[in-house]
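*Asks:* Below are the structure tokens for one structure; questions will follow.
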């Protein structure tokens, strides 16, 4: 298998993987970055959301060969110690129940706030509707995004 | 002040030991919680059940560590259970370190996350453990300072002797306290003086969650771990006939392809050993992606398995159950349910003379309600890590009841339970599905076969099409009225595939003179299991919609009508074994009425629906407010009232109720799994509609009845009544009744 070079969380890493492998599995099984979650494998649930050059993408549908020199950021790279304003807002609003979808929610929310620092409720709802939370924490996710918007 | 005994028949619930390096450790027995129910005499239990679990550690340098004894799947027990200990121990919560306790042995008793029971069953033993530890620390301090113990006080992990001005940390006395004998009796704090419990505390794993730390089963791995997937039949009622793996064995990373039996013939299944497919066709390889791809190219021919036999273990000996082999479809399910609904059914409860009352009634209202199979759709698909060797097993995974799956593993692997090290991870949702252990057994068998550590991964498609669903249900309700529109008789006849939904002793049983409840069941090869508030989630939906219509037929306000029935049930209850407390039930209705401004002109822009329900020892009521958005009804706002006794962690409890509301609205409007010739017609979120962010209400106001009753369930009780509150609000909005879930099907038909 070819060795593929990637820029993940500011570091250059090499992985030996089938070029068709989705970035999700490269992160989880080759690089041991398990904060990016598997939920559906068909870009419907958002648990696998990462940033590619700052934009939210579904890593389960992104072949590793297509990444090239684009910068990947995962939840592990969002901040050194979990002190990104969005992560802090998630703690402040005590959003999580089971917590499985929350890293994906945070990555989507962070990309939203980067492109739109003061989103309206309708914009938050539109941007966040690709991320499923079976525990039903949507109201707190919205509050956390508003809390973070004030801090950013 | 409450006093609790810390032993039973001279067998201690609590045990103290010295910590290596200085300090004390308090352990408590799993059977302490059994005494809570007073149904089991702890003295009758085997001696090894007295092994101690869940503990407190206080080191000499004053690090206070509290272990959470029960599995965490989002219900917040990792935070709320240690809070109970911290309260009685009287320590600064901010300085407490919380860790997951061990779940590696059946001896520890029923460590079970389900039935909304975690807080309820641990309330007393955790208070006792905390209070006993504090008591022993005080004894140690009184001996050291040579002062009477009565003169000592504690605050936030410090011991004070006011007269002498002496003070010290718990850590300073921990080593000495470890040698103090366990007090025979402990005094518990007055609820009014609580400083940790009843105060909102953040999720102790919050930071780990938002930074993506490896908390979940799917995140667990070890050096050399292989990935396994099972190719299960495409339809219920099928099995593997033959397969050809020659091509995929040449694919990179693929190690092995083989079949295995989950259970040998005649295996006695315990209640949660549900199996859907017994012949496992397994693909093992290096990475998930390699195995996923290889599986797609695996050539398999399937065949109908015909009728099969399950051997079920039971208290009165084993019994055999025939599982029909025919391939089932939703259309035939409905036809069959209609046929069964017309036949005589099993009598579940009868009060008075309902037959005569219906015969003589001036008017009878009859309505039928239906609800489909539902998939759990936990965000983390099913998975389990196993490393099984000849003499021991390590099993790591997300499971709601380690104590239930371990005996099964022990039997299947033929290993003694103490050779099975079981580690329970945080669960990415459970909702009942993770009480079942097949993935754990499958992973263990696969590991033993390939002689390597293995992680069994279910894809979303595997997860959604495996079975263990919420059953398909139907119920016909009838109400009889006299000439003055008084309700004189009530009849419910419910059935399902393969179980009926009826809780015969719940409201309105006890409130109507003539009452009849009946149930019937149709066997099936589509497996079912517990799903957030089993049976209640349908009962509440149907019964509370029907009561709305009954109130309307009587010309009464739906809340006032329920309160009248509850008054009757309290003052002059009909029949025996009524499960609910009419006062507490009425209280949540009154609270939701007040907080929602029910009947107030300021809310006239909303189409409003109300419903309430009792289950899992708690009471919940909701008022749902619907508006029109783009011409479609939209649940804009919900007001909830809940009585679950003392609320341990208020903000987390609000989160739980809000989650129940959102989950309930989603399942009421969209949740549905249908079948054609045994094939589930949805296998991923592309077709299985889950409630999305934009579909959630804008506001969910949660109110708790303030009382000092020992805590009861919260993870389930607010879920069932939301279905009916939505249906009743939809009626106001759409001017038609909604009898069939998911309601979005009828809404689409209309538009």
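*Asks:* Once you have a ≥ b ≥ c as the square roots of the Cα gyration tensor eigenvalues for the range B:60-152, tell me rounded if a/c is under 1.5, and otherwise prolate or oblate according to whether a/b is larger than b/c.
*Replies:* It comes out prolate by the Cα gyration axes.
*Asks:* Between residue B:521 and residue B:265, what FRET efficiency comes out of the Förster formula 1/(1 + (r/R0)^6) with R0 = 30 Å and r the beta carbon distance, rounded to 0.05?
*Replies:* So the FRET efficiency works out to roughly 0.75.
*Asks:* Could you please state, rounded to a whole Å, how far the C-alpha centre of the range A:121-152 is from the C-alpha centre of the range B:678-731?
*Replies:* 18 Å
*Asks:* Quick check: residue separation of residue B:338 and residue B:222 times 0.36 nm, minus the Cα distance between them. What number comes out in nm?
*Replies:* Working it through step by step, the gained length comes to 36.5 nm.
*Asks:* Can you show me the helix-derived [θ] at 222 nm for chain B, built from DSSP H runs with n ≥ 4 at -39,500 (n - 2.57) apiece and divided by the number of residues, rounded to the nearest 500.
*Replies:* Calculated from helices alone, the mean residue ellipticity at 222 nm is -8500 deg cm²/dmol.
*Asks:* Just the Cα atoms of the range B:407-536, one point each, no solvent: what log10 I(q)/I(0) does Debye give at q = 0.22 Å⁻¹?
*Replies:* Treating every Cα as an identical point scatterer, log10 I(q)/I(0) equals -1.29.
*Asks:* Here's a follow-up. Between residue B:556 and residue A:3, how many nm apart are label points set 7 Å from Cα along the C-beta direction?
*Replies:* 8.0 nm
*Asks:* Next up: Could you compute Rg(Cα) / (2.2 N^0.38 Å) for chain A, with N its residue count?
*Replies:* Normalised by 2.2 N^0.38 Å, the Cα Rg of chain A equals 1.01.
*Asks:* Now a separate question. What is chain B by shape, rounded, prolate or oblate, if you read a ≥ b ≥ c off the alpha carbon gyration tensor as root eigenvalues and call it rounded for a/c under 1.5, prolate for a/b larger than b/c, and oblate otherwise?
*Replies:* Oblate is the answer for chain B, as a/c is 1.5 or above yet b/c matches or exceeds a/b.
*Asks:* Over the Cα atoms, compute the radius of gyration (one decimal) and Dmax (the largest Cα-Cα distance, rounded to a whole number) for the range A:3-77, in Å.
*Replies:* Just the Cα atoms of the range A:3-77 yield Rg and Dmax of 10.8, 30 Å.
*Asks:* Quick one: length gained pulling residue B:590 to residue B:153 fully straight, 0.36 nm per residue minus the C-alpha distance?
*Replies:* 153.1 nm
*Asks:* If R₀ is 25 angstrom, what is the calculated FRET efficiency for the pair residue B:707 and residue A:152, using the beta carbon separation as r and rounding to 0.05?
*Replies:* Step by step, r from the Cβ atoms, then E = 0.05.
*Asks:* Further, regarding this structure: Once the Cα atoms of the protein assembly as shown are picked out, what are the Rg and Dmax in Å?
*Replies:* Rg and Dmax of the protein assembly as shown, Cα atoms, are 28.1, 85 Å.
*Asks:* Points 7 angstrom from Cα along the Cβ direction at residue B:301 and residue B:577: gap in nanometres?
*Replies:* Label-label distance for residue B:301 and residue B:577, simple model: 5.3 nm.
*Asks:* May I ask you to compute the full-extension gain from residue B:258 to residue B:602, defined as 0.36 nm times their residue separation minus their alpha-carbon distance, rounded to one decimal in nm?
*Replies:* Full extension of this stretch gives 117.2 nm more.
*Asks:* Need one word for the range B:472-750: rounded, prolate or oblate. Basis is the Cα gyration tensor (sqrt eigenvalues a ≥ b ≥ c); a/c below 1.5 gives rounded, then a/b vs b/c decides.
*Replies:* rounded
*Asks:* So how far apart, in nm, are the two label points at residue B:312 and residue B:362 if each is 7 Å from Cα heading toward Cβ?
*Replies:* Each label point lies 7 Å from its Cα, and together they span 4.6 nm.
*Asks:* Only Cα pairs under 8 Å and at least 6 apart count here; give the relative contact order of chain B as a rounded whole percent.
*Replies:* Result for chain B is 13 percent.
*Asks:* I want the antiparallel fraction of DSSP beta bridges within the range B:472-750, as a percent rounded to 5.
*Replies:* 70 percent
*Asks:* What's the FRET efficiency of residue B:167 with residue B:567 using the Cβ-Cβ distance as r and R₀ = 51 Å, to the nearest 0.05?
*Replies:* The pair residue B:167/residue B:567 has a calculated efficiency of 0.40.
*Asks:* So for the range B:252-296, Kirkwood radius off the Cα pairs, Stokes-Einstein at 25 °C and 0.890 mPa s: how many µm² s⁻¹?
*Replies:* Result for D is 200 µm²/s.
Each value in this text was obtained by applying a stated rule to the coordinates, not by laboratory testing. Here the structure is a predicted model, which means the values were calculated and not measured. For neighbour counting, all protein chains shown are included, and Cβ atoms are generated from backbone atoms with ideal geometry for every residue, glycine included.
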